[in-house]
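Accompanying notes for the structure given below.
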């Protein structure tokens with residue numbers, strides 16, 4: 001009798017080990033998504049359809065035996081290498097799901113960012129009014145289950161934290177009153193140059209202009225005044241455009257525009273907060289995507305002539 005009981009226990013233990021703990025090798029990594037609200041049977045079917053488990057019912061039983069049905073967390077999971085039914089269960093309970101990336105390109109408009117967000121989830125659309133002005137162009141992470149509003153809130157929060165740290169460590173001599181003005185000037189810097197080396201030089205030029213009570217006279221602000229960031233300008237800026245009536249036109253108005261003209265990246269924000277000190281007042285773009293800088297108008301005219309010769 002005792003021998004039979006021992007034999008039964010050994011058999012049962014081996015069976016449990018084989019069913020739930022014996023690992024099998026997964027040749028190729030498999031990605032599955034557990035959607036919010038997905039039931040245990042749906043999860044089991046998902047695992048079975050992806051050849052991660054051999055039996056749907058046994059997985060359901062094992063989850064229930066472990067009182068884990070309500071502990072399974074939604075998300076995106078990657079399985080590979082050696083796995084077992086129990087290791088799958090533990091991973092779903094831990095909720096260690098994959099993170100996805102979303103990148104806001106430096107210089108993007110609200111319209112471009114909104115399109116990116118809404119392409120992630122067509123069921124919960126956002127509107128242009130939902131997008132704030134103060135966002136740093138960077139790469140952010142989100143979960144597959146996050147809706148666009150969750151993703152946006154996280155980006156706004158991260159941007160606020162980064163901008164606050166930069167503002168605290170700013171050069172205290174710069175003539176900006178708050179973080180909003182920092183974003184606004186950094187957005188102009190972002191549109192003026194893609195050269196990282198210049199993203200602290202150009203704000204220095206603008207600060208020098210402020211000191212001399214000059215207008216910023218930034219072409220990107222005129223482009224924004226005409227398009228309001230809703231579309232790309234399909235032609236070159238003309239001299240007559242510089243007289244376009246708008247609060248954003250820095251050829252007509254002194255000081256900063258009312259709000260940012262794009263989403264600046266970290267380099268533009270940092271460069272604007274801690275500018276390169278110089279006596280430059282003017283700059284003109286050259287063929288390499290950079291600029292020639294000068295401290296007086298006569299030298300600026302000479303630089304323009306140089307650039308025109310090179311371009312010809």
Starting from the range 210-228, keep only residues that are assigned by TED's automatic domain parsing to the domain that holds residue 112, then list their pairs with residues that are modelled with pLDDT of 95 or more whose Cβ atoms are within a distance under 7 Å, requiring at least 6 positions of separation or different chains.
none
Counting just the residues of the range 147-163 that are without any contact (Cβ under 8 Å) to a residue 60 or more places away in the chain and surrounded by 19 or more Cβ atoms within 10 Å (Cβ to Cβ), which one comes out nearest to residue 268 (Cα to Cα)?
159
Within the range 88-112, restricting attention to residues that are touching a strand residue (DSSP E or B) at 6+ places or on another chain (Cβ under 9 Å) and in a helix (DSSP H, G or I), which residue is surrounded by the fewest Cβ atoms within 10 Å (Cβ to Cβ)?
91
Residue among 302, 231, 267 that is more than 29 Å from the chain's Cα centre (by Cα) and either part of a helix (DSSP H, G or I) or under 30 Å from residue 160 (Cβ atoms) (or both):
302
Note: among 309, 287, just one is in a helix (DSSP H, G or I), out of contact with any strand residue (DSSP E or B) (no Cβ under 9 Å at 6 or more places or on another chain) and surrounded by fewer than 18 Cβ atoms within 10 Å (Cβ to Cβ), namely 309
So how many residues does the range 215-254 have that are surrounded by fewer than 14 Cβ atoms within 10 Å (Cβ to Cβ) and within 21 Å of residue 282 (Cα to Cα)?
6
Picked from the range 130-146 (must be under 10 Å from the mean Cα position of the chain (by Cα) and surrounded by fewer than 15 Cβ atoms within 10 Å (Cβ to Cβ)), the residue nearest to residue 96 (Cα to Cα) is 141
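The values are calculated or read from the model by the stated rules, or taken from the named source; none is laboratory data. Every value quoted in this text rests on a predicted model; they were computed, and no experiment measured them. We place every Cβ from the backbone using ideal geometry, glycine too, and count neighbours over all the protein chains shown.
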